[in-house]
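The values are calculated or read from the model by the stated rules, or taken from the named source; none is laboratory data. The structure displayed is predicted, hence computed values, not measured ones. In this analysis, Cβ positions are derived from the backbone assuming ideal geometry, glycine residues included, and neighbour counts consider all displayed protein chains.
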Amino acid sequence: MGKSRFAITKTTLLAFLLVSACQNQSSKDSNTDSFDPDRDYFPDKVQINHSVGFDVEYHKNYKLLHLFRHYNDAVDTLSFVLVQRGTPSPEVHADLPSITVPVENIVSVSTTHLGMFEMLDAFDQLKGVEVKQYVSNPTVRALVDSGDIVEVAPAGTLNVETVISLGVDLLMGVGYPNSQNEAYQQLERTGIPVLLNADWQEANLLGRAEWVKLLAILLNKEASVNESFGLVVREYQETLDLVQSRVTEGPMAITGIAEGDAWHVAGGGSFAYNILRIAKVEYPWKNDRSTGSLRLDFETVYEFGVKADFWIAPSHARTLEAVLQRDSRYADFKSIKNGQVYNIYGRYIEGGGNDYYETGVVEPHVILKDVVKIFHPDLLPDHELVYYSKLK
C-alpha cells in the first residue's frame with residue numbers, strides 16, 4: 001500500500017511550523033494606529049553599572065539592546081531593536097533583528113536564567129526550559145509537570161519543532177564560543193530571535209547578577225528590577241564594607257581537586273577567585289592572571305594544601321569521605337583535619353539541579369555573606385549558610 005495522502009513528513013511539518021511562526025510574529029507587530037511619536041513609552045529605565053556583556057539605549061518607542069560577545073576569538077557586538085508593542089519599527093534600524101516588547105513568551109535553555117524569572121515574577125512568560133531534571137526551582141518543576149512549561153531538549157538536543165510550536169517570541173540561550181549552532185539558525189530563519197545570555201563571562205558577582213536587567217528590558221519591567229536589584233546591591237555593599245573595615249588579613253584557602261595528574265585551581269583573574277579576594281582570603285595563586293582555571297601538578301598544590309586553613313569547592317565532592325577516597329594524601333591537609341572543607345551544595349537536589357546556579361545568580365549578597373561566614377564567622381554571627389555547605 002502506498003503512503004497515505006494525509007501522512008506528514010518531519011520536513012513538511014517543520015516547513016509548516018516555519019510559515020506559522022513567521023505569520024504569528026507579523027500579527028503581533030501590527031496595529032500601530034494609536035502610536036504617539038512624542039510619547040516616551042519607557043519612562044522607567046535601567047543603567048548597566050556592573051556587567052560588561054550588554055548595554056541598552058532608550059528611544060521614544062524602542063530600545064537598542066547591545067550584546068558584547070567577549071567570549072569569541074574576535075570581540076564583536078550583536079544589536080537588537082526592541083519595539084514597544086503597538087508602535088512602528090524605526091526605519092533607521094531596519095537592518096537589525098527586531099523584537100516586540102514586552103515579550104510575552106520565552107524559552108530559556110539555561111538554569112542560570114531561572115532566578116532572574118523568579119526575581120521579576122515572570123514565570124508566566126516562561127514557556128520552555130531545556131530539561132526538568134537539572135532544575136531545582138520547585139515552581140518551575142511543578143509548571144513542567146502541569147504542562148505549562150515544556151521541556152525543549154528532553155533528549156539533550158534542542159528540539160526546534162517543539163520551540164516553534166510553542167509560538168514563543170524569543171529563545172534565550174547561552175553565549176559561548178561557537179554557540180551559533182544550526183538549531184539556533186533554524187529558529188532565526190522562522191523569525192524567532194535567539195538572544196545569547198553570557199552572564200558567565202562576568203568577572204564578579206554583581207556583574208553576573210546584573211544580567212537580570214536584560215530580562216527586565218525585554219519584559220518592560222525596569223521599575224521592578226531597579227527596586228529589587230537596588231536592594232541586592234545595597235545589602236551586598238554593606239557586607240563588603242564590613243569586611244573592608246574589620247578584616248586586615250584573612251586565612252589561606254585552596255580550590256579545586258586533582259583529576260589524574262593535573263590539579264586545576266581557580267586562576268588569579270577568575271570569577272571564582274574574585275569571590276575569595278573580596279572576602280580578603282589569602283590565596284597562593286592570587287598573582288596569576290588566568291581568568292579560568294590554572295593547571296598545576298599535585299605536588300605543587302599539596303605544598304599549600306598541608307598548611308591552608310580552608311579548602312573550597314573540591315570538584316563534585318559532598319562529603320569528606322568522598323574527598324579522601326580520591327587520594328589518601330588529602331588526609332595530610334590542614335583543612336581536612338580541622339573539618340574546614342566547603343562546597344556549593346547548600347541547595348542541591350540529588351541527581352538534579354543546584355540552586356547556586358539558579359537563585360544564587362541573582363543573590364550575590366547572600367553568596368557573599370556565605371563566604372564571609374565561612375572565613376570570618378564572627379562578622380556575621382546570625383547568618384546561616386545558604387548556598388555553601390560544610391563537608392562532613
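Inspection of the stretch 201-221 identifies no residue that is at pLDDT below 95 and touching a Cys at 6+ places or on another chain (Cβ under 6 Å).
In the set LYS337, LYS286, LYS280, only one residue is charged (D, E, K, R), in the same structural domain as VAL243 (by TED's automatic domain parsing) and in contact (Cβ under 8 Å) with a residue 24 or more places away in the chain; that residue is LYS280. Can you find a residue in the stretch 100-109 that is surrounded by fewer than 18 Cβ atoms within 10 Å (Cβ to Cβ) and either aromatic (Phe, Trp, Tyr) or more than 30 Å from ALA223 (Cβ to Cβ) (or both)? So far as the stretch 100-109 goes, no, none of its residues is surrounded by fewer than 18 Cβ atoms within 10 Å (Cβ to Cβ) and either aromatic (Phe, Trp, Tyr) or more than 30 Å from ALA223 (Cβ to Cβ) (or both).
Considering every residue within the stretch 190-204, establish whether at least one is crowded, with 19+ Cβ neighbours inside 10 Å, touching an Asp or Glu at 6+ places or on another chain (Cβ under 9 Å) and closer than 17 Å to THR291 by Cα. Yes; the residues of the stretch 190-204 include at least one that is crowded, with 19+ Cβ neighbours inside 10 Å, touching an Asp or Glu at 6+ places or on another chain (Cβ under 9 Å) and closer than 17 Å to THR291 by Cα.
Among the residues of the stretch 93-113, are any assigned to a helix (DSSP H, G or I) and farther than 30 Å from GLY147 by Cα? Yes, some residue in the stretch 93-113 is assigned to a helix (DSSP H, G or I) and farther than 30 Å from GLY147 by Cα. Does THR87 count as surrounded by fewer than 20 Cβ atoms within 10 Å (Cβ to Cβ) and among the hydroxyl-bearing types (Ser, Thr, Tyr)? Here the answer is no, as THR87 does not meet what is asked.
Pairs under 8 Å by beta carbon, first residue of a type in the set (Gly, Ala, Ser) in the stretch 44-58, partner part of a strand (DSSP E or B), six or more apart or different chains? Listed by first residue and then by second, the contacts come to GLY53/LEU67; GLY53/PHE68.
Looking only at the stretch 297-314, decide whether some residue is aliphatic (A, V, I, L, M), within 27 Å of the chain's Cα centre (by Cα), assigned to a strand (DSSP E or B) and over 28 Å from LEU379 (Cβ atoms). No, every residue in the stretch 297-314 fails to be aliphatic (A, V, I, L, M), within 27 Å of the chain's Cα centre (by Cα), assigned to a strand (DSSP E or B) and over 28 Å from LEU379 (Cβ atoms). The set of residues from the stretch 209-228 being in a helix (DSSP H, G or I) and surrounded by 23 or more Cβ atoms within 10 Å (Cβ to Cβ) comprises ALA209, VAL212, LYS213, LEU214, LEU215, ALA216, ILE217, LEU218, VAL225.
Selection within the stretch 14-39: residues that are surrounded by 12 or more Cβ atoms within 10 Å (Cβ to Cβ) and modelled with pLDDT of 90 or more. The member of this set that is farthest from GLU104 (Cα to Cα) is ARG39. Go through the stretch 238-265 and give me each residue that's under 26 Å from SER290 (Cα atoms) and free of Cβ contacts under 8 Å to residues at least 40 places away in the same chain. Of everything in the stretch 238-265, those that are under 26 Å from SER290 (Cα atoms) and free of Cβ contacts under 8 Å to residues at least 40 places away in the same chain turn out to be GLN244, THR248, GLU249, GLY260, ASP261, ALA262, TRP263, HIS264, VAL265. Name the single residue that is surrounded by the most Cβ atoms within 10 Å (Cβ to Cβ) among those in the stretch 281-296 being among the hydrophobic types (A, V, I, L, M, F, W, C) and part of a strand (DSSP E or B). Of everything passing the filter in the stretch 281-296, LEU294 is surrounded by the most Cβ atoms within 10 Å (Cβ to Cβ).
One residue alone among ASN220, ASN226, ASN204 is polar (S, T, N, Q), within 20 Å of the chain's Cα centre (by Cα) and closer than 30 Å to GLY339 by Cβ, and that residue is ASN204.
Total residues in the stretch 330-352 satisfying the condition of being farther than 17 Å from TRP200 by Cβ and assigned to a loop (DSSP other than H, G, I, E, B): the figure is 10.
So that you can scan it fast, the table gives a plain yes or no per residue for (1) crowded, with 17+ Cβ neighbours inside 10 Å; (2) β-branched (Val, Ile, Thr):
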residue	(1), (2)
ILE254	yes, yes
GLY260	no, no
GLY267	yes, no
ALA279	yes, no
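Of all residues in the stretch 127-149, those that are touching a residue at least 24 places away in the same chain (Cβ under 8 Å) and assigned to a helix (DSSP H, G or I) total 3. Is it true that some residue in the stretch 163-185 is over 27 Å from LEU294 (Cα atoms), of a type in the set (D, E, K, R) and outside the structural domain of ALA313 (by TED's automatic domain parsing)? Yes, the stretch 163-185 contains a residue that is over 27 Å from LEU294 (Cα atoms), of a type in the set (D, E, K, R) and outside the structural domain of ALA313 (by TED's automatic domain parsing).
Taking the listed residues ASP124, ASP73, ASP55, ASP44, the one that is assigned by TED's automatic domain parsing to the domain that holds VAL160, part of a loop (DSSP other than H, G, I, E, B) and at pLDDT 95 or above is ASP44, with no other qualifying. Just to be sure, is GLY191 modelled with pLDDT under 95 and farther than 29 Å from TYR273 by Cα? Yes; evaluated as a whole, the condition is true for this residue.
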